[in-house]
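The values are calculated or read from the model by the stated rules, or taken from the named source; none is laboratory data. From a predicted model like this one, the values you see are computed outputs, not experimental measurements. All Cβ positions, glycine included, derive from the backbone under ideal geometry; neighbour counts span all protein chains shown.
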Amino acid sequence: MAWGTDKFLTVGYFGSSGLGAFFPIIVSYIFKIFIDELIFAQGITASLPIILVALLASKYLVNILWDFVMWGLKNTYFDFLFRYKLQNALNYRFYKKVSHLDIAHLENTKTQDLIAKAADTFTWRPPEFLRQFSYIFNGFIAYVSSFIILISYGWFMPVVVTLITLPRLYLRAKYGKLQWSIYGSGAPEVRKLWYYRWLLSEKSAIIETRVFRSQKSLLKKFGRIQKYLYEINQKPVANF
């Protein structure tokens, strides 16, 4: 969907993310050379060797490029345009689909629950998924590069590093499941919540509630649904 919406922004977004994975490795390597040169030059001369100055300047330059690629291009320019275009495409697809549904299918309770569930998250969940995927892509590039580099220090080094990262990977997987269980539950009550919000905020509905003096009753039901949704959303967190 992202590729079909805008190929240039998709390539730029994930390309800058992948490119940004190399900069920490380059900075670390420059720092390694700097330490080696510092030890080598110790006690030889009182002046600061030119190569150390050049290494410091290189490290500073790489950090600037890193900030530009990751924060200037990826997290600001591409992120904003990519998210905006994707949200436009998602909104268009969603309302096109809903507006063309068969009336009998549209009035079905399960369909309404599905529409409510999608409407609650579709404008931000897919862009957020692609943002998280860009971090995964960044991490994958960094992992493969580091794996290749660490092999020269012994075959066990990349294996140890891999084993250290597994607990975090497990927790991220659990966190993803947790989020889906939260946003996938309580769809009928969510629809009621939105309806009560409309009754308590829309001008014509407010006038009617004032005439029939039903504000207290609506607010009580509104509060009850809020409490119910909080309790069912709390369960996955408590079981986590």
Discussion item. Restricting to the stretch 13-30, name every residue that is more than 14 Å from Leu150 (Cα to Cα), part of a helix (DSSP H, G or I) and of a type in the set (Gly, Ala, Ser).
Written reply: Gly15, Ser16, Ser17, Gly18, Gly20
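Please work out which residue is surrounded by the fewest Cβ atoms within 10 Å (Cβ to Cβ), limiting yourself to the stretch 110-155 and to residues that are charged (D, E, K, R) and free of Cβ contacts under 8 Å to residues at least 12 places away in the same chain.
Of the stretch 110-155, the ones charged (D, E, K, R) are 110, 113, 117, 120, 125, 128, 131.
Still in the running and free of Cβ contacts under 8 Å to residues at least 12 places away in the same chain: 110, 128.
On the way: Lys110: 10, Glu128: 12.
Result: Lys110.
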Practice prompt. Pick out the one residue from Leu65, Leu81, Leu38, Leu19 that is out of contact with any strand residue (DSSP E or B) (no Cβ under 9 Å at 6 or more places or on another chain), more than 24 Å from Arg131 (Cβ to Cβ) and of a type outside the set (Val, Ile, Thr).
Written response: Leu38
Practice prompt. Kindly indicate whether any position in the stretch 125-140 is modelled with pLDDT of 85 or more and more than 27 Å from Phe14 (Cα to Cα).
Written response: no
Worksheet item: Applying the selection to the stretch 90-117, what residues are within 30 Å of Phe14 (Cα to Cα) and either of a type in the set (Ser, Thr, Tyr) or modelled with pLDDT of 85 or more (or both)?
Response: Leu90, Asn91, Tyr92, Arg93, Phe94, Tyr95, Lys96, Lys97
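Hey, can you tell me all the residues within the stretch 198-216 that are closer than 19 Å to Thr121 by Cα and surrounded by 13 or more Cβ atoms within 10 Å (Cβ to Cβ)? It would help to see each step written out before you state the result.
Residues of the stretch 198-216 closer than 19 Å to Thr121 by Cα: 198.
None - no residue of the stretch 198-216 is closer than 19 Å to Thr121 by Cα and surrounded by 13 or more Cβ atoms within 10 Å (Cβ to Cβ), so the list stays empty.
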Discussion item. Every residue in the stretch 118-158 that is in contact with a helix residue (DSSP H, G or I) (Cβ under 9 Å, 6 or more places away or on another chain) and over 26 Å from Asp79 (Cβ atoms), please.
Written reply: Phe147, Ile148, Ile149, Leu150, Ile151, Met157, Pro158
Worksheet item: Would the stretch 130-147 turn up any residue that is more than 16 Å from the chain's Cα centre (by Cα) and outside any helix (DSSP H, G or I)?
Response: no
